[in-house]
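The values are calculated or read from the model by the stated rules, or taken from the named source; none is laboratory data. Just so it is clear, the model here is predicted, and its values are computed rather than measured. Reconstructed Cβ throughout: ideal geometry from the backbone, glycine too, with neighbour counts over all protein chains shown. Just the protein is used for accessible areas: all its heavy atoms, side chains included, with ligands, DNA and RNA removed. Shrake-Rupley method; radii C 1.70, N 1.55, O 1.52, S 1.80 Å.
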Protein chains: 2
Amino acid sequence: MNTNLRTIGFIGTGIMGKSMAGHLLKAGHPLLVYTRSANKANELLDQGAKWCSSPVELAKQAQVIITMIGYPKDVEEVYLGENGILKHAASGTIVIDMTTSSPELAARIALEAKKYQIGALDAPVTGGDIGARDAKLSILVGGDAATYESALPILQLMGINIGLLGPAGSGQHGKMCNQIVTASTMMGVCEGLLYAQTAGLDANQVLKVMSSGAASGVQLNTQGPKMVKGDFAPGFMAEHFLKDLSIAIGECERMKLHMPGLIQAKKLYTILLEQGMGREGFHALFKLYLNQQTH
Amino acid sequence: MNTNLRTIGFIGTGIMGKSMAGHLLKAGHPLLVYTRSANKANELLDQGAKWCSSPVELAKQAQVIITMIGYPKDVEEVYLGENGILKHAASGTIVIDMTTSSPELAARIALEAKKYQIGALDAPVTGGDIGARDAKLSILVGGDAATYESALPILQLMGINIGLLGPAGSGQHGKMCNQIVTASTMMGVCEGLLYAQTAGLDANQVLKVMSSGAASGVQLNTQGPKMVKGDFAPGFMAEHFLKDLSIAIGECERMKLHMPGLIQAKKLYTILLEQGMGREGFHALFKLYLNQQTH
């Protein structure tokens with residue numbers, strides 16, 4: 001058996017987590033799985049993963065623990081709660097939170113982990129469900145260099161563009177940068193396409209010509225065609241994007257940064273959720289723009 | 001002599017126009033040049049272009065006339081003024097305005113051109129000074145199909161992604177879409193990088209990891225590194241971008257479209273110009289963000 005293979009525990013096997021965990025399994029790592037809705041683990045169990053009935057059970061057996069869960073409060077509970085993984089993992093374990101969560105919480109987890117001689121990384125990702133499926137995620141990492149080096153071969157099974165951005169919390173900060181850029185970009189994409197349709201242009205033709213110019217980007221080129229088609233199925237859900245923007249705004253307030261684009265985008269996503277579209281794709285923002293009476 | 005070669009008159013040989021006209025010359029088209037600051041034509045004259053002392057002189061000799069000038073008022077004068085090209089060009093001439101200008105003016109020029117049996121296209125571009133230099137522009141065209149087909153071989157000497165979007169004015173509308181997407185995107189890029197620097201991250205490393213994720217795009221990837229470096233030399237000037245945004249907002253008001261991202265971006269660029277940065281690159285918006293007291 002390849003001595004580089006470590007027993008990995010994966011907590012949270014939703015759309016993204018399932019694909020990511022699958023790559024670890026394919027590479028030969030023994031994989032333990034826990035997720036809140038047990039049926040979401042079935043596919044991985046069929047492929048040879050082993051089910052754990054709680055994070056504690058998983059933590060006791062894994063050499064590396066990866067979490068990809070919902071909200072910061074979930075992350076806090078899974079790591080720091082009474083039945084949290086830090087209290088039950090062996091010293092020498094590495095824990096990697098790949099959830100998009102708060103930088104402050106990531107720093108707190110790393111500090112607590114240190115007490116137990118556990119190495120902790122925050123390593124949120126960008127690249128969406130397709131990046132996860134194709135193991136082409138970008139991974140923004142915070143933590144100490146030694147833990148990063150040790151975890152890197154595992155991260156490389158899930159992503160292609162991986163960078164250590166600084167100490168614990170820096171991965172989450174990097175992800176906030178990513179979401180801040182994306183937030184205003186999404187307004188731009190919606191507004192450009194609304195203009196195109198209202199002016200009577202063929203929006204698909206406009207998208208084609210724009211795709212190689214100054215406006216070009218991942219959101220224009222991937223969400224734009226879906227907006228025009230009226231396909232708002234989630235790759236990435238609006239309610240998760242609003243969560244990210246809320247974390248970002250909290251950090252900006254703390255740093256006393258004035259971010260007019262981000263603030264405007266958060267207002268629009270808040271309305272989108274109020275209108276019941278939180279579980280649609282985050283590009284459903286276009287529907288709000290189409291209904292010009294609502295904001 | 002290749003019978004497909006037509007005598008082309010080029011009005012406006014600034015940063016973009018000079019490169020674009022050069023490609024026509026290299027392809028063998030006899031080239032006539034007029035530009036307001038005569039010294040800006042020197043390079044083309046050295047390459048074999050012929051100088052005309054006025055738009056009228058140029059219009060009388062050219063089979064195809066291309067304009068790449070500053071503001072809609074300049075376009076209006078050059079096309080529709082007493083010494084404008086429509087009054088002096090032969091019937092059968094094709095005129096192509098590649099300036100970013102107003103859709104309404106483009107439609108008016110096309111209507112007037114028709115009276116003289118002149119074919120008119122509005123064909124603004126995106127891709128910047130580098131796209132112009134490398135003949136890789138995207139060209140957004142409005143006009144009738146016959147004129148488009150006749151002009152296409154000439155447009156193909158300057159661009160690689162060319163589309164007829166609809167009747168006269170549609171090219172300008174398409175360009176407005178492009179600028180509307182770009183406007184909010186620029187806010188996002190500035191805000192993301194401001195966050196990165198304030199949070200103490202290595203901004204270049206963050207840019208590297210973001211370059212393959214959901215935030216990735218032409219502006220992040222090309223202007224982002226310049227912002228971090230503090231290099232605000234113009235490829236594309238802030239005052240020209242504000243001109244474009246002003247045209248776009250005028251059209252949005254006419255169509256009764258609520259565009260919060262665009263409105264916010266225009267506010268910021270207005271402040272940027274008030275602070276004397278109109279002739280810097282349009283990514284100098286980042287300087288406004290760095291100085292958080294000013295907006």
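Summary table below
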| item | result |
| --- | --- |
| Cleavage-rule hits (trypsin sites (Lys or Arg not before Pro)) in the stretch B:88-163: DSSP loop, at most 16 neighbouring Cβ within 10 angstrom | B:K136 |
| Shielding by partners - mean other protein chain Cβ count within 10 Å, residues of B:155-162 | 2 |
| Residue (of A:G276, A:L290, A:S184) at the positive-pole extreme of the stretch A:173-293, dipole from beta-carbon charges | A:S184 |
| Nearest-first distances (nm) between copies at B:S54, label 7 Å from Cα via Cβ | 9.2 |
| Peptide B:168-177, shielding by other chains (average Cβ, 10 Å cutoff) | 6 |
| Exercise: per-residue mean of other protein chain Cβ atoms within 10 Å, A:253-265 | 6 |
| With DNA, RNA and ligands ignored, accessible area of A:H23 (1.4 Å probe; Å², nearest 10) | 30 Å² |
| In Hz, Karplus ³J(HN,Hα) per residue of the stretch B:277-288 (6.51, -1.76, 1.60; θ = phi - 60°; x = Gly, Pro) | 9, x, 9, 8, x, 5, 7, 5, 3, 4, 5, 5 |
| Summed side-chain charge close to B:A110 - residues other than B:A110 whose Cβ falls under 14 Å, Lys, Arg +1, Asp, Glu -1 | -3 |
| Other copies of B:K87: label-to-label distances in nm, shortest first, labels 7 Å along the beta-carbon direction | 8.9 |
| Per-residue [θ]222 nm for chain A (sum of -39500 (n - 2.57) over DSSP H runs n ≥ 4, rounded to 500) | -16000 deg cm²/dmol |
| Label point 7 Å beyond Cα along the C-beta direction, distances from A:D129 to other copies (nm, shortest first) | 4.4 |
| Residues whose placed amide H lies under 5 Å from that of A:I162, excluding near-sequence neighbours | A:I139 |
| Inter-site label distance for A:L80 and B:D129 at 7 Å from Cα along Cβ, in nm | 5.0 nm |
| Amide H contacts under 5 Å for A:I65, placed H, 5+ residues apart | A:G9, A:I94, A:V95, A:I96 |
| B:N291 paired with A:K60, simple spin-label distance in nm, labels 7 Å along Cα-to-beta-carbon | 6.3 nm |
| Most mobile of A:G261, A:G278, A:G143 in a GNM of chain A (Cα contacts under 10 Å) | A:G261 |
| The stretch A:249-295: trypsin sites (Lys or Arg not before Pro) falling in loop per DSSP and having at most 10 other Cβ within 10 Å | A:K256 |
| Minimum Cβ-to-axis distance in chain B for the rotation onto chain A, with residue, whole Å | B:G217, 1 |
| Amide proton proximity set for A:K50, modelled H, under 5 Å, gap of 5+ | A:L31, A:L32, A:V33 |
| Counting DSSP beta bridges with both ends in the protein assembly as shown, the antiparallel % (nearest 5) | 15 percent |
| Heavy-atom SASA rank of A:I271, B:I11, A:I263 (probe 1.4 Å, accessible area, largest first) | A:I263, A:I271, B:I11 |
